[in-house]
């Protein structure tokens, strides 16, 4: 069995490949694309296990490794203390340390959901972000109205049809008038 540590970044990854004794067989800085990873791992003469830390680009690297027949593992970066506490930190050292931890079965693993679940989570995150953005814009609109001492007649929903007609008729001084219009045109 061979073991690979992958120190992943946005555009490239530092990969170190070791044997079952921890001897370094190969290392490279690879572009995060299928061809580069295939070329690097085709030198492996035995099955390979690889570990990548959970981070911004973990899914890309994890899926890439899986697609070329490497058994991927996902490490919890907060619990991978050997890397976090290292006095000398380079991408190569981090990748080698990950490979050694995997070989010793000391990787604090993170659950990897299926592709379908990850897709659903991405949709939910997008929905959450949009709702949060809408709420921020509405709160900002209220703030603009409050600082200009605008008293609105009572309506059930300031951002509904009737409330929107009231908001469209409000005249306040610049630059708040421009800010209010921008908020109303961008959100409703």
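Condition first: without any contact (Cβ under 8 Å) to a residue 40 or more places away in the chain and in a strand (DSSP E or B). Now tell me which residues in segment 5-24 satisfy that.
12 - this is the single residue of segment 5-24 that is without any contact (Cβ under 8 Å) to a residue 40 or more places away in the chain and in a strand (DSSP E or B).
Anything in segment 62-94 that is in a helix (DSSP H, G or I), under 20 Å from the mean Cα position of the chain (by Cα) and closer than 20 Å to residue 45 by Cα? List them, or say none.
Of everything in segment 62-94, those that are in a helix (DSSP H, G or I), under 20 Å from the mean Cα position of the chain (by Cα) and closer than 20 Å to residue 45 by Cα turn out to be 64, 65, 66.
On the given criteria, is residue 167 part of a loop (DSSP other than H, G, I, E, B), at pLDDT below 95 and not assigned by TED's automatic domain parsing to the domain that holds residue 6?
Answer is no for this residue.
Conditions (1) free of Cβ contacts under 8 Å to residues at least 12 places away in the same chain; (2) surrounded by 11 or more Cβ atoms within 10 Å (Cβ to Cβ); (3) assigned by TED's automatic domain parsing to the domain that holds residue 25, marked per residue:
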position: 56; (1), (2), (3): no, no, yes
position: 65; (1), (2), (3): no, yes, yes
position: 71; (1), (2), (3): no, yes, yes
position: 80; (1), (2), (3): no, yes, yes
position: 91; (1), (2), (3): no, yes, yes
position: 96; (1), (2), (3): no, yes, yes
position: 128; (1), (2), (3): yes, no, no
position: 141; (1), (2), (3): no, yes, no
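Would you pick out the residues in segment 135-157 that are out of contact with any helix residue (DSSP H, G or I) (no Cβ under 7 Å at 6 or more places or on another chain) and assigned to a loop (DSSP other than H, G, I, E, B)?
149, 150, 151, 154, 156
Across segment 167-188, what is the number of residues that are free of Cβ contacts under 8 Å to residues at least 24 places away in the same chain and either within 21 Å of residue 131 (Cα to Cα) or surrounded by 16 or more Cβ atoms within 10 Å (Cβ to Cβ) (or both)?
Residues meeting the conditions: 3.
Go through segment 25-61 and report how many residues are assigned to a strand (DSSP E or B) and either touching a helix residue (DSSP H, G or I) at 6+ places or on another chain (Cβ under 8 Å) or within 24 Å of residue 106 (Cα to Cα) (or both).
Adding up the residues that qualify gives 12.
The values are calculated or read from the model by the stated rules, or taken from the named source; none is laboratory data. Here the structure is a predicted model, which means the values were calculated and not measured. Heads up, the Cβs are rebuilt from the backbone with ideal geometry, glycines too, and the neighbour counts pull from every protein chain shown.
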